[in-house]
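The values are calculated or read from the model by the stated rules, or taken from the named source; none is laboratory data. Keep in mind that this is a model prediction, so the values were computed, not measured. Glycine gets a Cβ as well: all are built from the backbone with ideal geometry, and neighbour counts include every protein chain shown.
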Amino acid sequence: MRKIFILLLSFSAMFSVHAQTAKLLADKIVSIVGDKIVLKSDLVNYMDDLKRQGNEIPANAECVLLEKMMQDKALILQAEKDSLPVSEEDVEAELDQRVRYFIMQYGGKEAFEQIAGRTIYQVKEDFRKSIKEGRLAKAMRDKIIENVKITPNEVRDYYQKIPKDSLPFYETELVIGQIVVNPKAGRELEKFAQDELADYRKQIEAGQKTFETMARLYSEDPGSKQNGGRYEINKNEKTWDPDFKNAAFRLKEGQISPVIKSKFGYHIIQMISRNGDDAVIRHILRVPQVLDEDIEVSKAKLDSIRSKLIAGTLSFGEAVDKFSDDQNSKFTAGIITGQGGNYVTIDELDKDLVPYLDKLKVGEFSQPMVFKSEQEKTAVRIVYLQSKTEPHRENLRDDYDKISQRAIAEKKEKLVEKWFAEKLPNFYVMIDKDYQQCESIHKQFPNFVSK
């Protein structure tokens, strides 16, 4: 349980909107490693963060947490001594990312600042040092394990040490690839969608309707329709369609864009407010209607691609790169990913796909099939069944990759523990009397000074 909890700490948020309470009236230094201090409030805020995230908190949580924070201080000191590079640009990018997350969580910049009791600028400045130190600790840990490799014999030895009754049981797992083609609407229906949006824009600018009302009535974006087409966007985020984002950031506050095209369809965009690279916008999306003949064109295209795949004149990866309209799959060579990475279980797949899998053998390509994408758009795909396992107890033949990943993770953790065992006794360490009963800290820092 202790190792799992330390792992949770490693991935917990490094700051919280409640961090303005960091300097409590009863605050004090609970530990010093070198010239790095850990405050009581650091522990309190970390505990609060974990509770808010729904993590299970063990009885000795403060001891485990303090040990982790002291280890990080030692990593930071060594990283500074070794002059490991951490750029200000990387720190700024992480601060921006974390602030955007909280803005989204709390429903806007103003709401976030009100809850935090500080401006965005102040929040970023408050946590700049902790973000930089976090990156230094990670850089040092990465340096310690950078040369770790694992051999097949080590994987086998690791596996054989696992009690047979502790081996996990896996349901059917599949590796599935897909090539997706989005049917294109005819010119007349494309023009119809553009004309609709132009008319909406005209009504809004004439004061007949508000942009928010028109978005609620007519937008085909399920992610923003109910809140009047509202989004908070950042100029540096790569998740937004570039044509959409560029059009939005050309607007002045209150201005409405002409009709623009993105990979999702046609839009008009209104700039509500802007603060540097952050903006609040509204948009209305109209997706040109796709007719049966448009779908047939896409099916014919995929049928031709399938013939080349079967003939071996085209590889699946090349076909995904050249022809697939699914942007997500381009980063995975067409493979559908799930909780197990490239492996997916039946319950992780969309229901439309499951009936076709019974007809496919490993290595085969499906006929083109029509389905609804995540954006509820009609699309066509062919599916490649790369591998399939039957329900089974974990074994080296079927699950080598999973076992090797756990084995190398354990090997890395042991190397880090060895580094701590060798280095920590050489650091000046002070521990407050309230935490000197922590057994694990006694072992990690045997030469600590009492306060």
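Points worth noting:
- Residue in segment 238-257 that is of a type in the set (S, T, Y) and surrounded by 14 or more Cβ atoms within 10 Å (Cβ to Cβ) present: yes
- When E154, E188, E212, E196 are checked against the criterion of being touching a helix residue (DSSP H, G or I) at 6+ places or on another chain (Cβ under 7 Å) and either among the small types (G, A, S) or part of a helix (DSSP H, G or I) (or both), a single residue qualifies: E154.
- The requirement of being aromatic (F, W, Y), closer than 30 Å to Q160 by Cβ and assigned to a strand (DSSP E or B) is fulfilled somewhere in segment 338-354, by at least one residue.
- Scanning segment 324-345 for residues that are at pLDDT 90 or above and among the small types (G, A, S) yields S324, G334.
- Scoring D278 on the criteria (1) among the charged types (D, E, K, R); (2) under 30 Å from A215 (Cβ atoms); (3) not assigned by TED's automatic domain parsing to the domain that holds K238 leaves a single failure, condition (3).
- Conditions (1) part of a helix (DSSP H, G or I); (2) of a type in the set (S, T, Y); (3) on the phi > 0 side of the Ramachandran plot: number failed by S83: (1)
- Inter-residue pairs, beta-carbon under 8 Å, first under 13 Å from E92 (Cβ atoms) and in segment 116-129, second basic (K, R) and in a helix (DSSP H, G or I), 6+ apart: I120/K109; F127/R98
- Failed item, numbered, when G317 is tested on (1) more than 26 Å from the chain's Cα centre (by Cα); (2) surrounded by fewer than 19 Cβ atoms within 10 Å (Cβ to Cβ); (3) not assigned by TED's automatic domain parsing to the domain that holds Y200: (1)
- Residues that are under 17 Å from Q386 (Cα atoms) and of a type in the set (S, T, Y), drawn from segment 308-335: S315, S329, T332
- When residues of segment 227-237 are limited to those that are surrounded by fewer than 16 Cβ atoms within 10 Å (Cβ to Cβ) and at pLDDT below 90, the one nearest to I269 (Cα to Cα): K235
- Some residue of segment 385-395 being touching a helix residue (DSSP H, G or I) at 6+ places or on another chain (Cβ under 6 Å), of a type in the set (A, V, I, L, M, F, W, C) and in contact (Cβ under 8 Å) with a residue 24 or more places away in the chain: no
- Selection count where residues are of a type in the set (S, T, Y) and buried (at least 16 other Cβ atoms within 10 Å of the Cβ), scope segment 379-388: 1
- From the options A193, A206, residue that is farther than 30 Å from N395 by Cβ, assigned by TED's automatic domain parsing to the domain that holds W240 and surrounded by fewer than 11 Cβ atoms within 10 Å (Cβ to Cβ): A206
- Candidates are the residues of segment 389-420 that are part of a strand (DSSP E or B) and at pLDDT 90 or above; the one that is farthest from R141 (Cα to Cα) is H392.
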